[in-house]
Structures are given as structure tokens and as C-alpha cells.
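Worksheet: one structure, shown below.
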2 protein chains.
Amino acid sequence: MHGECKVALLGFGGVNRGLVELIIAHNSRHRTPTIKIVGVSDLLLGHCINKSGLDCEMLLQVPAREGAFAVLGNAAPDNEGVISDSGCDVVVEATFSNVATGEPGASLCEAALLAGKHVVTTNKGSVAHGADRLSSVAALMGRKFLYEGAVMSGTPVLVWATDCFPGARVTRVRGILNGTTNFILGQMEMGFSFNAALEQAQHLGYAEADPAADVEGLDTRAKIIVLAKSVLGRSLSNSDVPCEGVKAITSEMIAQAKAEGRRWKLVGDINVEGDELLAKVGPVKLMPDDPLSGISSVTNALELTIEPLGVTMVTGPGAGRVETAYAVLSDLLRIVGGLVREDEKTDAG
Amino acid sequence: MHGECKVALLGFGGVNRGLVELIIAHNSRHRTPTIKIVGVSDLLLGHCINKSGLDCEMLLQVPAREGAFAVLGNAAPDNEGVISDSGCDVVVEATFSNVATGEPGASLCEAALLAGKHVVTTNKGSVAHGADRLSSVAALMGRKFLYEGAVMSGTPVLVWATDCFPGARVTRVRGILNGTTNFILGQMEMGFSFNAALEQAQHLGYAEADPAADVEGLDTRAKIIVLAKSVLGRSLSNSDVPCEGVKAITSEMIAQAKAEGRRWKLVGDINVEGDELLAKVGPVKLMPDDPLSGISSVTNALELTIEPLGVTMVTGPGAGRVETAYAVLSDLLRIVGGLVREDEKTDAG
């Protein structure tokens, strides 16, 4: 890519708009690689292509309105055209996809890989349901398929688990991976009802209008399947992961736990038992000395049990527009090979 | 190194004995690289050299007694001989070194680098006081100088901070980096006096017979200097880091804080202010919602503030014989290029 990375964006919602903001900032610091946006397609807005690079500032000014890309190109979406005709090196897939089926994200990722593009996605559903096939296609095509943003947004947990423990074994993966439910459980500890807490979460933009994927645990389950694949190299399907949400947790149960110094949390858990993975998602009444017990509000946490190190944990933002966009930027820089931090000195030890 | 890594050990206390145990386990899994111990020197035990590899099981049976290496070689120590005559690729420096001066560790690291060896050390003092010079020598000689075990033992914090945030900036580094003082403060919250808590820490093996380096904050200060160098690529000296220990914290202050829902913690802190680093070590009465507030007992934590991600934190073991030995093993594998986890599958995404 010769110090230049040409990127096509599928979906132009919050995450990819955030990515464009980060790319403007990145390029303004005059460091290679220069990242260019050469094409964008969005179901609502339409599509636009410029092989020598679209104007990022102008892209950000395009309103989120039906057909709005007409001013830069065409009012109709065209994912296939943007993949094949933009001259991109990398496709960033951040469409609104169904967490239960992974579509349309998974099919778009596959089309991009088959067209010889590296692919970065933030869609946990696409990875949870398509990673086996997509990783195979990527290997076959000699391209990279990265998805750091699918779990805990830009908090680097996948790269941490896969790259930072050479010579060790992971025997357990456990986490609080959904900020919405963690916020709701926290508000219930403060005396609010489930419904009042859910309304607050929606008001603050944490929860979707349809909160089913969060409160029923489906979001956490998809992330557990992504972690099994990325961290343990193992494939799980939905039916391998018994899944319970938080709707059965009553105010009385919360109060009772509080009186015992304990906290209800929605926990995703994978135990490695020999060749078997025992995975599950559900509410757990944690003891006060459990490291996950202190994880509050929309912060998320991933805990690894490492042989021979012991228990170690990363906490950080679990969601957010710019946070998830940063995950994409970090994956792009991994693909391009620009692996140093922005502020890193060359003489660092 | 052709699938083989020849290692010389300087110092044969708990950490390097733990390393030999981990190397036996590593080699028994029949994965390259094979790690061979070709020489050991210890101030008390003496030294031994075998260019085709010492018997690791026999090494572990050597008692910690003056001149005990006579059975395998020589009752007198010979660091220089082991560096130059063992045919080693890497020198692991884990001698008992003074945290305030970094000696003899720093000089031994330099001698090994000048002899053309890669160097791994766990001595925070050696890194805090010698990293500028040692990094320069390593660069000049084309060798690696790694020290993951100098901060939070085997919990991978240096590699996390330097490798997992491409394209981002670290604006603050903050942590609870000394398990002994954190344990003492926790016991004081349970009603014990400082002296009683210190005795417990010594009884449990957390605190040295001379606890000055821990309770006066010197251990944390050395780690802050290591972090400034490794994470921020910047050099700090002792006089750049105002340092206060925990001896001024009274039972009354602990009780008062507890009544406010707050906790006293010994915190190391580096704020990046433009080109300036504002670093300090001292007790801080943390608010209950401070992520560091929940870090209890001998667990340690490193928090990074990342632009544009936000606040993220790693927690894990902060000390321990095998935990620190794992840091050395991970550095050895980084040098050799054996970067995959033991259990990692090749198809991981």
C-alpha cells in the first residue's frame, strides 16, 4: 500500500462517521500511512466513489437523510460497486446488522474478501455467525479479517488476549460485556425499577429502542462466541451457549444481594475443560471479592485466567461511537503495518 | 537461533528457579523453540556452564546454599564467564539488586549487551536507573533489552501499553503498583494497626524483612520511572518524581475515609502535559467510583488514559515467583519470535 491505505466504508452511521473524524485527525499529524476514503455506501444515504480520495470534511457534512449522497455521487446504495470499483485496499463493514443472524454484515464481509480486500468489521453478529467461513475465505485470499470493535468497542481485548501471553494457556474467559444491562442493574441497586432503569438507559442513548438483544443476553452471547473464536480459536454456535438475560432479576433480588454485600451482574463465561468449552451467559450474584463485582455502569471488563500467570483483567469502554471507531482505526493500522502509537518514541524499551 | 534459544541466568533465586520450572514445562510440550539453559551464576551458589545445555531438573535440585554449584561446576560466582563462555543468545538478569541504585543488575545488563547478547531483566531498579544507557547500548549492538517483569510481574502491561494502541496517544499513566502497601492499607481498613498489618505482610511473604522500599514508595517510584521510559519513551530520574510513602497514614485517617466511602491507596501517577511529564508517588484518598478504588490486597492495576479511547485498565498479579518468571518466559519468546500462545489455534481471527 506504499504509505497509503485506501478504505471503503459500508454503512455510514455513527461508527463510520466517527472513523472519518479520527482519520482526519490522523492524517493531519502528517504520519504515514495516509488513510484515504475512496468509497462509501449506506442503505439510507446512497453511495459515492472517488478513487483518489473523497473529501473527508465534506463526507461529515452529509446529513443522515435518505438519498443525501446524491450531492457527492448517487442517491442509491451500492455496496458491490463500492467494493469493486473504488480501488480500495480495505473494506470497513459497519452496517446495521442483525445480531441474531449477522446479516447483511456477514455477506458483505465475504463479498469484500472474495474481491481481494482486507476486511474490518465491528458487527459482533457477523463475526459470531460468520467467522469460521470468513476466516477461511480470508486465509484463502491472503487477506486479513479483523474485528477488534466487536467486543468492548475500542478497548483492545482481542489483541491483548491473542498477542500478550506467549507460551501461556487461557483456561477461562469471563466478562461483563454489555454496558446497557450493567447500567440497568446498577440503577436497580440505587432503588429504581427495571422499567425505570431501562427508560434511563434509553434516554441516555445506552439502550436501543428495542432493547431485546441487550436484556435477553443475546448481545453478550454473540460476544462470547466471538471471544471463543478469536481468543481460543474455537467455534461455538448459539445452541452451544445457554443464555439467560436479566429480566428475571427483581428489585427484591437486587436488595437481598445488596444486603449480603453482593451484586447481580450479567456474566458471559467460557471454561476450557480439556477439549471442551463450557460456555454460558446469565445473571450471577457475585461475591464482593470477585474482580467483576466492581465493574459499574457502562464500563465493561474481560477477565482471563492464564496458566501459569493467574487471573488478569482489562476494563474499559464497552460501547460508544468514537470508541468503536477507534477499534476500526487500530485494525486499519494493524493491516497497514503502522503499529506504533501516535506519541511513541523510537527509543522506547 | 534456529528453533533453539540458549539462555544464561544471572542470579538463581526464586524468579530464575521459577523460570527453569516453566522452561521444563515449555520444552515438554515439544514446541519450538527449545529453550536451553547453558550457564548460571549466583553470588551465593557459584556458577556452572554447559554449552549443550544444563540438565534443568538437576539445576532445580541444587540447594540454596553457599557454593552449592560445586556439584555442577564451580563454588565461586562468575557472571562474566557465564556471559562470555556459555555460548548463550540471551542473558536473563535476576540478581538481588538495589532498587535505589539498580546495581549490580544495571552493570550486568550492560556487560551482557556489550558481549552481543539479548538481555531480559526483572530488576525495576536496573531499568529505572539504567534504561537510557542500556537501550542505547542495545540499539547499538542490534540486540533486544526487555523488562516486562519489572512492573506488575507477569501481568503484561508494558507490551499492552506499547503494542495495543496504534494511532492513539497516552495522556496519563496511573497505577497501584506495590502489592505490599496495598495489602497493608486493606488490613488497616479491617482495623489492624500499620505495624500489625506490616507483620502480617511479612509473615505471608509479601513484604521484605526491610520493608523500606515498599512502604516509603521507592518501589512504586522505580516502576513509575520504568513506565515513563517504556510506555512514554521518556526519561525520568528519582528527583523528577516527588515520592511519599504510606507511613503517615494513620488508623484514624483510614477510618475517616471508610466513613466517607473512600479508600487510601498508594498511587503512582504520570500526567502528560504537552512536552512535560508531571509524575508523583503518594497516598491518595480515592473516591468510590475511581477505578483504582476497587483494587484490593496484592492485586496491582495499571490505568491508561488514551486519546481517543478513554480510560482503560489492566489488573493482575503484581508480584510472585512464578508470575515474574512468566514475564521472563514471555520476553524470551518475544526475542525468539515464538509469539503464539501455547494453546493458540492457527485459524484464530
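Against chain A, whose longest principal axis is taken from its Cα atoms, helix A:124-141 shows a tilt of about 50°. Of all beta-carbon atoms in chain B, the one sitting closest to the axis that brings chain B onto chain A gives B:294, 2, with the distance in whole angstrom.
Counting other Cβ atoms within 10 Å as a rough exposure proxy, the listed residues B:278, B:44, A:304 run B:278, B:44, A:304 from fewest neighbours to most. Computed from the C-alpha gyration tensor, the three semi-axes of the ellipsoid equivalent to the protein assembly as shown are 43, 31, 24 Å, from longest to shortest.
Note on residue A:6: lysines with a C-alpha under 26 Å away, same-chain residues under 8 apart excluded, are A:36, A:51, A:117, A:124, A:144.
With chain A treated as a Gaussian network of Cα nodes joined by springs under 10 Å, which of A:173, A:159, A:99 yields the largest mean-square fluctuation? Top of the fluctuation ranking is A:159.
Taken along its three principal axes, the alpha carbon spread of the stretch A:158-317 comes to 47, 32, 25 Å, from the longest extent down to the shortest. In plain terms, the residue of A:160, B:264 with the fewest other Cβ atoms within 10 Å comes first and the most crowded comes last, giving B:264, A:160. For peptide A:302-311, the mean count of partner chain Cβ atoms within 10 Å of a residue's Cβ comes to 6. For residue A:105, the shell of other residues with beta-carbons less than 12 Å away shows a net charge of -2, using +1 for Lys and Arg and -1 for Asp and Glu. I'd like the FRET efficiency for residue A:212 and residue A:140, computed as 1/(1 + (r/R0)^6) with the beta carbon distance as r and R0 of 41 Å, rounded to 0.05. That pair, residue A:212 with residue A:140, gives E of 0.70. Electrostatic tally near residue B:228: other residues with Cβ closer than 9 Å to its Cβ, Lys and Arg +1, Asp and Glu -1, net +1. Computed from label points 7 Å out along Cα-Cβ, the spacing between residue B:103 and residue A:70 is 8.0 nm. Among B:203, B:129, B:47, the largest mean-square fluctuation in a Gaussian network model of chain B, built with springs joining Cα atoms closer than 10 Å, belongs to B:203. Across the copies of the chain, residue B:63 has label points (7 Å from Cα along Cα→Cβ) spaced 8.6 nm apart, shortest distance listed first. Springs join every pair of Cα atoms under 10 Å in this Gaussian network model of chain B, and among B:157, B:40, B:170 the largest mean-square fluctuation is at B:170. From helices alone, chain A scores -11000 deg cm²/dmol at 222 nm; the rule is -39500 (n - 2.57) for each run of n ≥ 4 DSSP H residues, then divide by the residue total. Projecting 7 Å from Cα along the Cα-to-Cβ direction, the label point of residue B:87 sits 5.6 nm from its equivalents in the other copies, listed shortest first.
Taking every DSSP beta bridge that has both ends in the stretch B:20-159, the antiparallel portion is near 45%.
Here the Karplus relation 6.51 cos²θ - 1.76 cosθ + 1.60, evaluated at θ = phi - 60°, turns the backbone of the stretch A:289-295 into coupling constants of 8, 6, x, 6, 5, x, 7 Hz, with x for every Gly and Pro. The same position residue A:136 in the other copies lies at 5.6 nm from this copy, comparing label points 7 Å beyond Cα toward the beta-carbon, shortest first.
Counting only other chain Cβ atoms within 10 Å of each residue's Cβ, the peptide A:154-160 averages 6. With Cα atoms as the point set, the stretch A:56-162 shows a radius of gyration and Dmax of 14.8, 44 Å. Each residue of the stretch A:264-275 was assigned a 3J(HN,Hα) from its phi angle through the Karplus expression (A = 6.51, B = -1.76, C = 1.60, θ = phi - 60°), giving 7, 9, 8, 10, x, 8, 10, 9, 8, 10, x, 8 Hz with x at Gly and Pro.
Each peptide in B:213-221, A:132-140, A:228-236 gets a packing score, the mean of other Cβ atoms within 10 Å over its residues, and the list from highest to lowest is B:213-221, A:228-236, A:132-140.
Ordering A:292, B:245, A:226 by Cα displacement along the dipole of the protein assembly as shown toward the positive end leaves A:226 in first place; charges were set at the Cβ atoms of Lys, Arg (+1) and Asp, Glu (-1). Can you give the log10 of the normalised intensity I(q)/I(0) at q = 0.06, 0.07, 0.08, 0.09 Å⁻¹, computed with Debye over equal Cα scatterers of chain B? The Debye formula, applied to the Cα set alone, gives -0.22, -0.30, -0.40, -0.50. The charge dipole of chain B, taken about the Cα centre with unit charges on the Cβ atoms of Lys, Arg (+1) and Asp, Glu (-1), comes to about 380 debye, rounded to the nearest 20. Counting Cβ atoms of other protein chains within 10 Å of each Cβ in A:285-294 and taking the mean gives 2.
In whole Hz, with x marking every Gly and Pro, tabulate ³J(HN,Hα) for the stretch B:81-92 from phi via Karplus 6.51 cos²θ - 1.76 cosθ + 1.60, θ = phi - 60°. Result, ordered by residue: x, 5, 5, 8, 10, 8, x, 6, 8, 10, 10, 9 Hz.
Counting only DSSP beta bridges with both residues in the stretch B:158-318, the antiparallel share comes to about 95 percent. When the alpha carbon gyration tensor of the stretch B:20-88 is reduced to an equivalent ellipsoid, its three semi-axes come out at 22, 14, 8 angstrom, largest first.
Pairwise alpha-carbon distances in the stretch A:235-317 exceed 18 Å for 53% of all pairs. Each other residue within a Cβ distance under 13 Å of residue A:293 adds +1 if Lys or Arg and -1 if Asp or Glu, for a net charge of +1.
Placing +1 on the Cβ of every Lys and Arg and -1 on the Cβ of every Asp and Glu, with nothing else charged, gives the protein assembly as shown a dipole about its Cα centre of roughly 400 debye. Max-minus-min Cα coordinates of the stretch A:184-227 on each principal axis give 33, 21, 14 Å, with the largest extent listed first. If you wrap the Cα atoms of the stretch B:122-169 in a convex hull and average its projected area over all directions, you get 4.0 nm². Put a plus charge on the Cβ of each Lys and Arg, a minus charge on the Cβ of each Asp and Glu, and nothing anywhere else: the dipole of the stretch B:158-318 about its Cα centre is then about 180 debye.
A short reminder: the numbers here are calculations on the coordinates, not readings from a lab. What you see is a predicted model, and the numbers here were worked out from it, not measured in a lab. Cβ atoms come from the backbone with ideal geometry, glycine included; neighbour counts cover every protein chain shown.
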